[in-house]
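The values are calculated or read from the model by the stated rules, or taken from the named source; none is laboratory data. Remember, it's a predicted structure, so these values are computed and weren't measured experimentally. Note: ideal-geometry Cβ built from the backbone for every residue, glycine included; neighbour counts use all protein chains shown.
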Amino acid sequence: MSSFCIDICRFTIYSYNMANRQLDLNRLLHAIADPTRLRILEALKERPASSKDATQARPDGQNKKGYCLCAGDIEERIQLSQPTVSHHMTILTKAGLVEADKQGQWRWYRRNQSAVRHLLKALRTRI
C-alpha cells in the first residue's frame, strides 16, 4: 500500500510541474502577444544609438548580463507615457522576459536572454 501512495505522490508532483510549465508558457505568450511589448524587447536588445545614449545607459555603462535601459529611455524610444510603459514592464517582468534593477529612484531594465531562449525552445517543442 505504501508503494501505491508513492506512485500517487509522484503523479501529483509530475502533474503539478506540467501545470506550472503550461502556466509559464501561457504567461510568456501573453507577454509577447502585444506589439508594444515586442517593441520594448527589441529596444532592450539594441545598442545605444548615440554616444549620449551610451553615457546614460547606466552609471557603469552596461551590465554584465546585457544592455540596460531606464524607464525614461524606454518611454522615449517607444513614444509612450510613463504609466503605459510601467504597465508593460510589469507584465514583461512577471513573465520573466525582463529583469529590473532599482538603483535609487531609477529602475534599469534588461532582457533576460535565458528566458527568451526558453520561450523559443518551448515553442519549438510544443508546436
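Side notes on the structure shown:
- Residue within segment 39-56 that is assigned to a strand (DSSP E or B), closer than 19 Å to His118 by Cβ, touching a strand residue (DSSP E or B) at 6+ places or on another chain (Cβ under 9 Å) and modelled with pLDDT under 90 present: no
- Test: residue in segment 95-110 that is of a type outside the set (Gly, Ala, Ser), surrounded by fewer than 17 Cβ atoms within 10 Å (Cβ to Cβ) and under 16 Å from Leu29 (Cα atoms): no
- Residue within segment 76-83 that is modelled with pLDDT of 90 or more and touching a strand residue (DSSP E or B) at 6+ places or on another chain (Cβ under 9 Å) present: yes
- Within segment 111-127, the set of residues being of a type in the set (D, E, K, R), in a helix (DSSP H, G or I) and buried (at least 18 other Cβ atoms within 10 Å of the Cβ) is empty.
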